[in-house]
Amino acid sequence: MCRNIRVLHNFEPPATSSEVQAAALQYVRKVSGAAKPSVANQAAFDQAVAAVAAATQELLDALVTTAPPKDREVEAAKAKVRAQERYGR
């Protein structure tokens with residue numbers, strides 16, 4: 001999975017539409033192999049981002065869990081520690 005796409009499920013407060021949109025954009029960029037599509041492909045690219053964002057929001061709305069919600073700051077701190085261990089920084 002692309003490291004720039006973050007887990008969006010089970011956070012308090014829930015993922016925002018901008019977070020869902022950003023994840024969809026990263027996914028489409030990864031799959032298409034293009035960070036910025038050509039003019040000829042812009043419409044298809046934009047439509048794909050919208051479709052992925054809609055599917056992602058639908059999934060997040062349908063998921064259920066009994067686990068307590070995660071805290072974004074705690075999860076970010078854990079990720080920072082993992083990155084420091086991985087890259088020795």
Report task. Six or more apart or on different chains, Cβ under 8 Å: which pairs go from a residue in the stretch 12-31 that's in contact (Cβ under 8 Å) with a residue 24 or more places away in the chain and part of a helix (DSSP H, G or I) to one that's open to solvent by 90 Å² or more (accessible area, probe 1.4 Å) and of a type in the set (S, T, N, Q)? Could you list them? Result -> 26/4
**Report entry** Those residues of the stretch 36-67 which are touching a residue at least 24 places away in the same chain (Cβ under 8 Å) and more than 19 Å from residue 17 (Cα to Cα), in sequence order
**Finding:** 65, 67
Report task. Can you give me the number of residues within the stretch 32-76 that are farther than 15 Å from residue 7 by Cα, of a type in the set (Val, Ile, Thr), open to solvent by 60 Å² or more (accessible area, probe 1.4 Å) and in a helix (DSSP H, G or I)? Result -> 1
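The values are calculated or read from the model by the stated rules, or taken from the named source; none is laboratory data. Everything quoted here is computed from the prediction, not taken from an experiment. A quick note on method: Cβ atoms are made from the backbone with ideal geometry, for glycine too, and the neighbour counts reach across all protein chains shown. Heads up: the accessible areas ignore ligands, DNA and RNA and are worked out on the full protein's heavy atoms, side chains in. Shrake-Rupley method; radii C 1.70, N 1.55, O 1.52, S 1.80 Å.
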